[in-house]
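Just so it is clear, none of the values below were taken in a lab; they were calculated from the coordinates. Predicted model, so just to flag it, every value in this text is computed and none were measured. Cβ placement follows ideal geometry from the backbone for every residue including glycine, while neighbour counts extend to all protein chains displayed.
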Amino acid sequence: MKDELECGLPDGSKFVLTSTYNYSLIAAHLMPHAQSISERTDFSVQFKPKNSQVLLEVARPYSMEYKAIIIESKELCKNFYLLENKYHIHQYIISTTDNSQSEIPAGNLKGLSISLKENTAETQLELFSKSLTPIYESFFSATKEGYIFEQALTNTEEKCNARLSTDEQCKIVAVARSQLNTSSQTWTEPIITKDAEIFELGKTIYEQSFIARPISINGKKIESNAEVQELE
């Protein structure tokens, strides 16, 4: 048995996440004729280039911890994105010629920290802008000059939970951006800017055009976010 989630990218390519499992019988004296899922695997990941019917195994291989695909479909799919004509999984870039992966060196990269305690946000952001709050969401992109990293920022006054990047009320208004120094392989200190190179300001994470979106769950095509909500 398997669960399968297809994540579609804007150019027509897609990533396919597959988790296998078995059913095992529950002891008859506890619950007659009942079954439970056992031997659940993490997701394996395959890549299907645009205009191709061939599924390519992601070479590393890259696996992801299993999450319920109906509830977490959008969250799972946004791990895959297309920037500067390069396919990304987190900080890995997928080659479309031999399906190999190259890792963007993280090195000394530092994002803006997110407070898990009350009344500490001002302390953590005192070197930055007190009117902004970091969202726990960031992406890498390869450019002609090297690599850039951007972390999303939202207004502190927004009525959203900035610690949860899945909160669809969190509009991105600025970014914290770092750039990789290719000679020293170190990242610059993050700067706050509204001149975003990766994120589209004024939109939520899920509204970003470069991320993958769920297009099929266990063979059922998904045409809109409303259909995902209906499945939930």
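Between residue 23 and residue 184, the simple label model (points 7 Å from Cα in the Cβ direction) yields a spacing of 6.0 nm.
Sorting 72-79, 202-209, 181-188, 9-16 by average packing, meaning the other beta carbons within 10 Å per residue, from highest down gives 72-79, 9-16, 202-209, 181-188.
Taking 0.36 nm per residue of separation and subtracting the Cα-Cα distance, full extension of the segment from residue 42 to residue 169 would add 42.7 nm.
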